[in-house]
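Read through the structure below, which is laid out as structure tokens, and then see the notes.
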Amino acid sequence: MVGTTLPTPIYALFAEHMHFSLLTTTVVFATFVGGVLVSLLAFGRWSDAVGRRPMLLLATVFAVSSAAVFLVATGVGDLLLGRVLSGLSAGVATGTATAAVIEAAPENWRGRAAAVATVANIGGLGLGPLLAGVLVQYAPAPLKLPFVVHIGLMLLAAACVGVAPETSPRNGRIGLQRLALPPEVRAVFITAATAGFAGFAVLGHFSAASPSFLSSVIGIHNNAVAGAVVFSIFASSALAQRASARVEANRALAVGCAVLVVGTLIVAASLQFSSLALLLLGAFVAGAGQGISFSRGLAAVADQTPADRRAEVSSTYFFVAYIGLSLPIIGEGLAAEAWGLRTAGIVFALAAAALATVCLAAVMARERRLSRRSIRV
């Protein structure tokens, strides 16, 4: 997962060398999502059939290939290919590695295994920009060294997978992962998935565009700082997911939406007043809101979903969230071309806040309806 966000502080350098705009940067970033979605649909069920280890090794092949393409990239087409390969790697690894961690955990760790997998996933996403930012700012060969380091990390990971025991009984079937939405889950799904869409849009904003906003709007040109800002939103998301794990799902979803509204408004204020302190605060608060609303929204959906349909519904939920990671940031890139970076960023943050507010209102209205029904009973 480190490799999926590793290019974040490097996009500006690629743009300088290859002479492209923020819009192109957002398109390059969003191409990653295409790889993830293809991977989730095409390979989502494979690890149940062929085993966890082969699929994890396939993920490392995609990741190493992505880093290798970035190493030799000479144009935007190479960057697009590198991002697609990175998306394929993330899509294969996420579900497979989570299942493997849970299955491999000793009995006394079984209850914590899912949390460990989540922290590893989100933590990797956060460490990617932080690692790259430090290397780009303070080490030689800024366009090369981060990807060399990542290849080294992936080879180490492949060696670990190679000696790890297989945990899957291999009783599944190879086939496409279906997307489905049973009638009984549609109401809560629409609200939760919309909140997930808004939260992932904010993650996309920080992952793709925050270095440009830092340098052009706030006036800070330190790549390590840019990496730290992106790290803060992912770290906050991971901590919030862990802290809210035992809170009742619908209540936590409402809290997450409210926190996301506050965080995005702080982000808008940071751009208006060119404030690094506000941007860091906004990243931390918005990250917490995203983590709570996404994880507990998924739990709320799972609670209403028949057991034999959960894989399909969960895949649909992730599909909507990853669309949120890609399309809005491209829209922000288009807006930046027309209105300038500051105005585009503020409008984007306010739009995310408005969407989260709608979700909050929907959750509260649903809770009131359920409360009235229980009183009647």
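General remarks:
- Sole residue being within 19 Å of the chain's Cα centre (by Cα), farther than 19 Å from Val358 by Cβ and surrounded by 21 or more Cβ atoms within 10 Å (Cβ to Cβ), chosen from Phe284, Phe318: Phe318
- Test result for Arg342, modelled with pLDDT of 90 or more and over 22 Å from Ala240 (Cα atoms): yes
- Of note, Ser274 does not satisfy the criterion of being modelled with pLDDT under 90, surrounded by fewer than 20 Cβ atoms within 10 Å (Cβ to Cβ), among the hydroxyl-bearing types (Ser, Thr, Tyr) and in contact with a helix residue (DSSP H, G or I) (Cβ under 8 Å, 6 or more places away or on another chain).
- Pairing each residue of region 142-169 that is outside any helix (DSSP H, G or I) with any residue that is among the small types (Gly, Ala, Ser) and buried (at least 16 other Cβ atoms within 10 Å of the Cβ), provided the two are 6+ apart or on different chains, yields C-beta distances under 6 Å for Glu166/Gly51; Thr167/Ala100; Ser168/Gly51.
- Among the residues of region 22-30, not a single one is out of contact with any helix residue (DSSP H, G or I) (no Cβ under 8 Å at 6 or more places or on another chain) and either over 28 Å from Leu176 (Cα atoms) or of a type outside the set (Lys, Arg) (or both).
- For region 53-75, a tally of residues being outside any helix (DSSP H, G or I) and surrounded by fewer than 19 Cβ atoms within 10 Å (Cβ to Cβ) returns 2.
- Residue match in region 320-332 (condition: out of contact with any helix residue (DSSP H, G or I) (no Cβ under 9 Å at 6 or more places or on another chain) and more than 17 Å from Thr194 (Cβ to Cβ)): no
- Qualifying residue in region 109-130 (condition: of a type in the set (Ser, Thr, Tyr), crowded, with 24+ Cβ neighbours inside 10 Å and not assigned by TED's automatic domain parsing to the domain that holds Ala288): no
One line per residue, one yes/no per condition, for (1) within 16 Å of the chain's Cα centre (by Cα); (2) surrounded by fewer than 22 Cβ atoms within 10 Å (Cβ to Cβ); (3) at pLDDT 95 or above:
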position: Ile233; (1), (2), (3): yes, no, yes
position: Ala243; (1), (2), (3): no, yes, no
position: Ala249; (1), (2), (3): no, yes, no
position: Val259; (1), (2), (3): no, no, yes
position: Val262; (1), (2), (3): no, yes, yes
position: Leu265; (1), (2), (3): no, yes, yes
position: Ser270; (1), (2), (3): no, no, yes
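The values are calculated or read from the model by the stated rules, or taken from the named source; none is laboratory data. Since the structure is predicted, the reported quantities are computational estimates derived from the model, not experimental observations. Neighbour counts are summed over all protein chains in view; Cβ atoms, including those assigned to glycine, are modelled from backbone coordinates with ideal geometry.
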